[in-house]
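For reference, the structure discussed in these notes is given below.
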Amino acid sequence: MKDIYILGIESSCDETAAAVVKNGREVLSNVILSQIDTHTIYGGVVPEIASRKHIESIVQVVREALDRAKMQSSELDAVAVTYGPGLVGPLLVGVSYAKAYAYGCGKPLIGVHHIEGHIAANYIEHRELEPPFMCLIVSGGHTHLVNVKDYGEFEILGRTMDDAAGEAYDKVARAIGLGYPGGPKIDAVAGEGDPGAILFPRAHIEGDEYDFSFSGLKSSVLNYLNSCEMRGEKVNTADVAASFQEAVVDVLVENSMKAVDRFKADRFAIAGGVASNSALRSAMEKACGERGVGFYKPSPLLCTDNGAMIACAAYFDHMKGDFAELTLNAIPNLRLGDRS
């Protein structure tokens, strides 16, 4: 069987990324140019600035991905790109470049859903993993609990009703003075605190037992901080971070395990930026172990936005002959499972 080489391009938020992947699972190169330093001074991603940075970087990043893979564009079998969901400006940069690149080298174009890419990161890390399995995708913009029925076939069991988990991390980190990005900073500080010091709420949505809500938790943290300020009490940042993180992880694990038990899943995976969180990884591994359920997690590098996961997801579309037209457009609110 002929080997398939796919160039994957990702630019949905603040990472300009490109990778070359062989046969959907073997990463030959994975180049990620982060904009974290640029956006830190603003306390979050500024879409217009992110778009400009993508424009400045994308040619260099794609060229480096091909160089590291020791490949020419003529050797590629397809060009894949994230076309949604995400920030519309950054998405448009990646989609426009990928369309031009595919046209220029006469290769098929494949549009990839960003969340599907995160799920596919597990195929790279765990080559033995195949559907069906259950997956929790947690990032700055998304919190989805998904039944992965087959490659490219998904059943969404639960999603956030308001803030995504990563968004809550960023807002709480800003409130307690840790700055951006919130996820890794809270994770680091939480290790020095007591997760039982402050009892923050765990939201449960009546009638939708697999859905998530983090806005109330975020508000509870802000109210606690305001209350301390009014009483003149010193805030223990580590305890706040640890207690907040414990509340987030408890809900993520509890809802996920409810679904695992009900659907009798024997394999469970996590994905997305928050999937690199040490407390979440540890708690999920413990919960799965207690049930005899196989647990899968990508390495932290593959949890972040990257081109390798996009190329991996695209491989399965390539095998089905599911290619995109050059009219492909960015869709910032694209739902998982949609094909547009």
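Do we have any residue at all in the range 11-23 that's of a type outside the set (A, V, I, L, M, F, W, C), farther than 13 Å from residue 306 by Cβ and either outside the structural domain of residue 173 (by TED's automatic domain parsing) or in contact with a helix residue (DSSP H, G or I) (Cβ under 6 Å, 6 or more places away or on another chain) (or both)?
The first filter runs over the range 11-23 and keeps only residues of a type outside the set (A, V, I, L, M, F, W, C), leaving 11-12, 14-16, 22-23.
Narrowing further to those that are farther than 13 Å from residue 306 by Cβ: 22-23.
Adding the requirement that they be either outside the structural domain of residue 173 (by TED's automatic domain parsing) or in contact with a helix residue (DSSP H, G or I) (Cβ under 6 Å, 6 or more places away or on another chain) (or both) leaves 22-23.
Looking through the range 11-23, at least one residue is of a type outside the set (A, V, I, L, M, F, W, C), farther than 13 Å from residue 306 by Cβ and either outside the structural domain of residue 173 (by TED's automatic domain parsing) or in contact with a helix residue (DSSP H, G or I) (Cβ under 6 Å, 6 or more places away or on another chain) (or both).
Being in the same structural domain as residue 182 (by TED's automatic domain parsing) and within 14 Å of the chain's Cα centre (by Cα) narrows it down to one of 308, 287, 283, 271, so name that one. Write out each step before concluding.
Details: 308 fails: in the same structural domain as residue 182 (by TED's automatic domain parsing); 287 fails: within 14 Å of the chain's Cα centre (by Cα); 283 fails: within 14 Å of the chain's Cα centre (by Cα).
271 is the lone residue from the list that is in the same structural domain as residue 182 (by TED's automatic domain parsing) and within 14 Å of the chain's Cα centre (by Cα).
I'd like to check something: does the range 186-203 contain any residue that is in a loop (DSSP other than H, G, I, E, B), closer than 26 Å to residue 115 by Cβ and more than 21 Å from the chain's Cα centre (by Cα)? Give the steps one after another, and end with the answer.
Residues of the range 186-203 that are in a loop (DSSP other than H, G, I, E, B), as a first pass: 191-203.
With the extra rule that they be closer than 26 Å to residue 115 by Cβ, the set shrinks to 202-203.
Right, trim to more than 21 Å from the chain's Cα centre (by Cα) and you get 202-203.
Yes, there is a match, as at least one residue in the range 186-203 is in a loop (DSSP other than H, G, I, E, B), closer than 26 Å to residue 115 by Cβ and more than 21 Å from the chain's Cα centre (by Cα).
Out of all the residues in the range 256-273, which are in a helix (DSSP H, G or I), of a type outside the set (A, V, I, L, M) and more than 24 Å from residue 191 (Cα to Cα)? Quick ask: steps written out before the conclusion?
From the range 256-273, those in a helix (DSSP H, G or I) are 256-263, 273; that's our starting set.
So of that shortlist, the ones also of a type outside the set (A, V, I, L, M) come out as 256, 258, 261-263, 273.
258, 261, 262, 263 - these are the residues of the range 256-273 that are in a helix (DSSP H, G or I), of a type outside the set (A, V, I, L, M) and more than 24 Å from residue 191 (Cα to Cα).
Taking the condition assigned to a helix (DSSP H, G or I), within 19 Å of residue 182 (Cβ to Cβ) and outside the structural domain of residue 12 (by TED's automatic domain parsing), does residue 253 pass?
When the stated conditions are applied, residue 253 does not pass them.
Against the conditions (1) surrounded by fewer than 18 Cβ atoms within 10 Å (Cβ to Cβ); (2) closer than 27 Å to residue 263 by Cβ; (3) touching a helix residue (DSSP H, G or I) at 6+ places or on another chain (Cβ under 6 Å); (4) not acidic (Asp, Glu), where does residue 161 fall short? Just the number, please.
Of everything listed in (1) surrounded by fewer than 18 Cβ atoms within 10 Å (Cβ to Cβ); (2) closer than 27 Å to residue 263 by Cβ; (3) touching a helix residue (DSSP H, G or I) at 6+ places or on another chain (Cβ under 6 Å); (4) not acidic (Asp, Glu), residue 161 misses just condition (3).
Name every residue in the range 223-237 that is in a loop (DSSP other than H, G, I, E, B) and on the phi < 0 side of the Ramachandran plot, in order of residue number. Step through it out loud before you land on a result.
We begin by selecting, within the range 223-237, every residue in a loop (DSSP other than H, G, I, E, B); these are 232-236.
Residues satisfying the conditions are 233, 234, 235, 236.
Quick check on my filter: what residues within the range 305-336 are in a helix (DSSP H, G or I) and surrounded by 22 or more Cβ atoms within 10 Å (Cβ to Cβ)? Before you say what the answer is, go through the steps one by one.
Residues of the range 305-336 in a helix (DSSP H, G or I): 307-319.
Of everything in the range 305-336, those that are in a helix (DSSP H, G or I) and surrounded by 22 or more Cβ atoms within 10 Å (Cβ to Cβ) turn out to be 307, 308, 309, 310, 311, 312, 313, 314, 315, 317.
Being within 20 Å of the chain's Cα centre (by Cα) and under 18 Å from residue 115 (Cβ atoms) is the filter here, so list the residues in the range 251-266 that pass it.
The answer is 252, 255, 256.
Pick from the range 1-20 the residues that are farther than 25 Å from residue 142 by Cα, hydrophobic (A, V, I, L, M, F, W, C) and touching a residue at least 40 places away in the same chain (Cβ under 8 Å): which of them is surrounded by the most Cβ atoms within 10 Å (Cβ to Cβ)? Before the answer, list the steps.
Let us first name the residues in the range 1-20 that are farther than 25 Å from residue 142 by Cα, namely 1-6, 20.
Retained after the next criterion (residues that are hydrophobic (A, V, I, L, M, F, W, C)): 1, 4, 6, 20.
Add one more test, that the residue is touching a residue at least 40 places away in the same chain (Cβ under 8 Å), and what stays is 4, 6, 20.
Numbers: 4: 17, 6: 29, 20: 27.
The selected residue is 6.
Please verify whether residue 208 is out of contact with any Phe, Trp or Tyr (no Cβ under 6 Å at 6 or more places or on another chain) and free of Cβ contacts under 8 Å to residues at least 60 places away in the same chain, treating the condition exactly as stated. Full working, then the answer.
Values: out of contact with any Phe, Trp or Tyr (no Cβ under 6 Å at 6 or more places or on another chain): yes; free of Cβ contacts under 8 Å to residues at least 60 places away in the same chain: yes.
So residue 208 passes the test.
Mind telling me which of the residues 97, 103, 123 ends up being within 15 Å of residue 324 (Cα to Cα) and in contact with a helix residue (DSSP H, G or I) (Cβ under 8 Å, 6 or more places away or on another chain)?
On the way: 103 fails: in contact with a helix residue (DSSP H, G or I) (Cβ under 8 Å, 6 or more places away or on another chain); 123 fails: within 15 Å of residue 324 (Cα to Cα).
Criteria check complete, one pass: 97.
Have a look at 203, 188 and point out the one that is under 30 Å from residue 87 (Cβ atoms) and without any contact (Cβ under 8 Å) to a residue 40 or more places away in the chain.
Details: 203 fails: without any contact (Cβ under 8 Å) to a residue 40 or more places away in the chain.
After ruling out the rest, the residue left standing is 188.
Can you pull out every residue in the range 24-44 that is out of contact with any Phe, Trp or Tyr (no Cβ under 9 Å at 6 or more places or on another chain) and either crowded, with 17+ Cβ neighbours inside 10 Å or not assigned by TED's automatic domain parsing to the domain that holds residue 91 (or both)?
27, 29, 30, 31, 32, 33, 35
Residue by residue, here is whether (1) modelled with pLDDT of 95 or more; (2) within 22 Å of residue 116 (Cα to Cα); (3) among the polar types (S, T, N, Q) holds:
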position: 59; (1), (2), (3): yes, no, no
position: 62; (1), (2), (3): yes, yes, no
position: 69; (1), (2), (3): yes, no, no
position: 74; (1), (2), (3): yes, no, yes
position: 90; (1), (2), (3): yes, yes, no
position: 94; (1), (2), (3): yes, yes, no
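Any idea which residue in the range 212-264 is modelled with the lowest pLDDT, counting only those that are of a type in the set (D, E, K, R) and buried (at least 20 other Cβ atoms within 10 Å of the Cβ)?
Among those residues, the one meeting the criterion is 218.
Inspect the range 125-145 for any residue being surrounded by fewer than 24 Cβ atoms within 10 Å (Cβ to Cβ), of a type outside the set (Lys, Arg) and assigned to a helix (DSSP H, G or I) and give the result as yes or no.
Checked against the condition, which is being surrounded by fewer than 24 Cβ atoms within 10 Å (Cβ to Cβ), of a type outside the set (Lys, Arg) and assigned to a helix (DSSP H, G or I), the range 125-145 yields at least one hit.
The values are calculated or read from the model by the stated rules, or taken from the named source; none is laboratory data. Here the structure is a predicted model, which is why all the values come from computation and not from measurement. No Cβ is skipped: glycine too gets one built from the backbone with ideal geometry, and neighbour counts run over all protein chains shown.
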